Amino acid sequence: MIDLYYWTTPNGHKLTIFLEEAGLPYQIIPINIGKGEQFQPEFLKIAPNNRIPAMVDHKPAGADKPVSLFESGAMLLYLADKTKRFIAQDTAGRAEVLQWLFWQMGGLGPMLGQNHHFTQYAPEKIEYAINRYVNETARLYAVLDKRLADRAFVAGEYSIADMACYPWIVPHERQRQKLEDFPNLQRWFEAIKARPAVVRAYEKAKEINTAPSVSTEESRKILFGQNAQTVR
């Protein structure tokens, strides 16, 4: 059994998609980030960066004790290696998956996250910041669109690279992007959206939460008011 510490964010969806695709037994432990539950001592033992998702695998392969992880990319890679699914087993194919997984973790996620912040949540609408991140979002969409011009999925076969990228494209309208401007990306997006496991993952999300994580001044302070003191 896997305990998944989860909230309904793009990074959270990555893990429910994998677990549904792989058919691994798991239970969701909701961590309402808008209420500050990510600062609970029990959660911080697993996720010292106070971010979701995190997980505990109570039956790890080749280990006697449970294994806990934080960081969604590390979790996807761990699960792919555990199951030997959704990652190529040859050296070259594995490298293809890993480079696009890291591209999402280092670029697509952080840049689109900043897009969300400055277009949706910042108390002041700063034109330079909005343009900076909306334009960078479009650039990254174009990189993905070009990559998908001659293949069905990001690394050839459907993999954890696709699972990592897809949830960040779901809120494309909020990111001020039009999928029709990126036809290869749009085709890929619709194919993943229709996968039964992806449908199940997003249905689970609706059972847990349907409200924005940032809906009050209190939640805004919790999510955007952190500094060194909140760690110490």
>> Checking PRO60 against (1) assigned to a helix (DSSP H, G or I); (2) surrounded by fewer than 17 Cβ atoms within 10 Å (Cβ to Cβ), only one condition comes out false. Which one?
In response: (1)
> Listed residues GLU218, GLU207; which is more than 28 Å from PHE118 (Cα to Cα) and either part of a loop (DSSP other than H, G, I, E, B) or not assigned by TED's automatic domain parsing to the domain that holds GLN120 (or both)?
Replying inline: GLU207
> For ILE192, are the conditions met, namely being free of Cβ contacts under 8 Å to residues at least 40 places away in the same chain, under 27 Å from ASN135 (Cα atoms) and among the β-branched types (Val, Ile, Thr)?
Replying inline: yes
>> Taking the conditions exactly as written (basic (Lys, Arg) and assigned to a loop (DSSP other than H, G, I, E, B)), does LYS82 satisfy them or not?
In response: no
>> Take VAL170 and tell me if it is surrounded by 19 or more Cβ atoms within 10 Å (Cβ to Cβ) and closer than 23 Å to VAL198 by Cα.
In response: no
> Which is touching a helix residue (DSSP H, G or I) at 6+ places or on another chain (Cβ under 9 Å) and closer than 19 Å to THR83 by Cβ, of ASP3, ASP57?
Replying inline: ASP57
>> Please pick out the residue among LEU77, LEU24, LEU69, LEU4 that is of a type in the set (A, V, I, L, M) and assigned to a helix (DSSP H, G or I).
In response: LEU77
> Are any residues in the range 80-109 under 13 Å from the mean Cα position of the chain (by Cα) and surrounded by 15 or more Cβ atoms within 10 Å (Cβ to Cβ), and if so, which ones?
Replying inline: LEU101, TRP103, GLN104, MET105, LEU108, GLY109
>> Looking at the range 23-37, can you tell me whether even one residue there is surrounded by fewer than 17 Cβ atoms within 10 Å (Cβ to Cβ), under 18 Å from THR83 (Cα atoms) and of a type outside the set (S, T, N, Q)?
In response: yes
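The values are calculated or read from the model by the stated rules, or taken from the named source; none is laboratory data. All figures in this text were calculated on a predicted structure; none of them were measured in a lab. Cβ coordinates were reconstructed from backbone atoms using ideal geometry, including for glycine residues, and neighbour counts include every protein chain displayed.
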